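For reference, the structure discussed in these notes is given below.
The values are calculated or read from the model by the stated rules, or taken from the named source; none is laboratory data. Since the structure is predicted, the reported quantities are computational estimates derived from the model, not experimental observations. Cβ: placed from backbone, ideal geometry, glycine included. Neighbour counts: every protein chain shown.
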Amino acid sequence: MKNIKWLTLLASAILLLFTSCKKDVKTLNLNLTPVEHLASPENGASISLQPATGASIVFTWTAAQTPDSGLILYEIAFDKPDGDFSHPVYKIVSDGSGVQTQATVTQKDLNKIAALAGIQSSASGSIKWAVSASKATNEIISGETRTLTIERPAGFATVPDALYLYGTATEAGDHPENAIPMKKTADGVFELYTSLAAGSYLLTDQQGSAGTQYYIDVADHDIIKLGNTPTEVAGATKTFRLNYDFNVATSQATEIQSVGLYMSAYNSEIGQLNYAGNSTWESDLIPVVFYQFSWGRDERYKFILHTPAGLEYWGSQNADNIPPAGQPDTYFYLLPVTNDQWSNTYKFDPSADNHSVKADVYFKAAGPYTHKITVP
């Protein structure tokens, strides 16, 4: 009997415990009124994009309303002029991770949005924008929409992250899997030192047949265009510095006629380097004699690139240098420098005096441009 009473008391205690822990469950109020007014930019505003400037456009609007002052998140939606925002071409979360009633949109993103809306590069057209407000699963588009006229610059809305060169005119041959990688010098900007022979070539954003291909339209001011129309090359094999800027769709091929080893004290080149392929120039043995001044023998040198546009001096990042023994790899890095006779030069190792040296210059895509001096 005592056991039955004890069990009854225990059951009552457990029931009381569960009853006391039970919390009221409130239903989430999803009621929401849409954004009623778009503040800026003005309806029908015109924007001439210049993505390189880095300036952004700020879109603003009035707040949506909810009865319980709950959290509202915003996205700005962009669509074609005849779109209804059921499938916008692009959406951007507002500032503050979606809680602010404004969105800061970069010109780069606007260029991409305009392209998705069908506006071609170097052309203008219209897009629509609106703001969607959401509370949990409830999302409502703004009652007002506005239009923008966008003038796109020349160039690509989305630039490749990498670039390669291949074709019968190139050192890689006509096999995309062997395409030559280029040096990325800035976002959407690439450079390559290489030779081109009679034949044709294409650009691609990845090695292999799956890459997006580009070509140079020689008849249209050497503009970069999307497509697989090979660019033709005629005449004898020459060495070039190829530059491609996808931000403005421009290309430039600068012929490297020769590379000279320049010695400061003589104010002249003491030898020439020959192109050996694979973005490398190398010399035969070049006699070196340090110049005798009253204070000692001078051993300073740098390099000269000969191009149709004139001479380019390449040398050290340091205005003054010490002898190379024990110096890090950075000592030998090559950068464009002034034509000053003495500045930004390197120094030969003392063992080079009254001997011959072999000079190698590497303008390779992988790593910094550099050089090596060898005393056999």
Task: In segment 148-178, residue surrounded by the most Cβ atoms within 10 Å (Cβ to Cβ) [restricted to those that are within 24 Å of the chain's Cα centre (by Cα) and farther than 21 Å from A210 by Cα] - done: I150
Open item on the list: Condition (residue is touching a Leu at 6+ places or on another chain (Cβ under 8 Å), assigned by TED's automatic domain parsing to the domain that holds F363, closer than 24 Å to A366 by Cβ and of a type outside the set (F, W, Y)) applied to segment 233-243: is it met by at least one residue?
Closed with: no
Open item on the list: Going by what's in this entry, would Q292 be described as touching a strand residue (DSSP E or B) at 6+ places or on another chain (Cβ under 9 Å), free of Cβ contacts under 8 Å to residues at least 12 places away in the same chain and farther than 19 Å from H371 by Cα?
Closed with: yes
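So that you can scan it fast, the table gives a plain yes or no per residue for (1) more than 24 Å from K302 (Cβ to Cβ); (2) crowded, with 17+ Cβ neighbours inside 10 Å; (3) modelled with pLDDT of 95 or more:
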residue: P230; (1), (2), (3): yes, yes, yes
residue: L242; (1), (2), (3): no, yes, yes
residue: I256; (1), (2), (3): no, yes, yes
residue: Y266; (1), (2), (3): no, no, yes
Task: Failed item in (1) farther than 21 Å from A265 by Cβ; (2) over 27 Å from the mean Cα position of the chain (by Cα); (3) among the hydrophobic types (A, V, I, L, M, F, W, C), with A365 passing the rest - done: (2)
- [ ] Considering each residue of segment 123-152, count those that are part of a loop (DSSP other than H, G, I, E, B), in contact (Cβ under 8 Å) with a residue 40 or more places away in the chain and within 22 Å of N43 (Cα to Cα), and give that number.
- [x] 5
Open item on the list: Please count how many residues of segment 343-360 are out of contact with any Leu (no Cβ under 6 Å at 6 or more places or on another chain) and either among the aliphatic types (A, V, I, L, M) or over 14 Å from Y301 (Cα atoms) (or both).
Closed with: 5
Open item on the list: Please count how many residues of segment 28-81 are in contact with an Asp or Glu (Cβ under 6 Å, 6 or more places away or on another chain) and hydrophobic (A, V, I, L, M, F, W, C).
Closed with: 1
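Residues checked against (1) of a type in the set (A, V, I, L, M); (2) touching a residue at least 12 places away in the same chain (Cβ under 8 Å); (3) closer than 30 Å to A359 by Cβ:
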{"site": "T212", "(1), (2), (3)": "no, yes, no"}
{"site": "P230", "(1), (2), (3)": "no, yes, no"}
{"site": "L242", "(1), (2), (3)": "yes, yes, yes"}
{"site": "G260", "(1), (2), (3)": "no, yes, yes"}
- [ ] Output the residue which, of all residues in segment 120-145 that are of a type outside the set (S, T, N, Q) and more than 20 Å from I92 (Cβ to Cβ), is farthest from the chain's Cα centre (by Cα).
- [x] A136
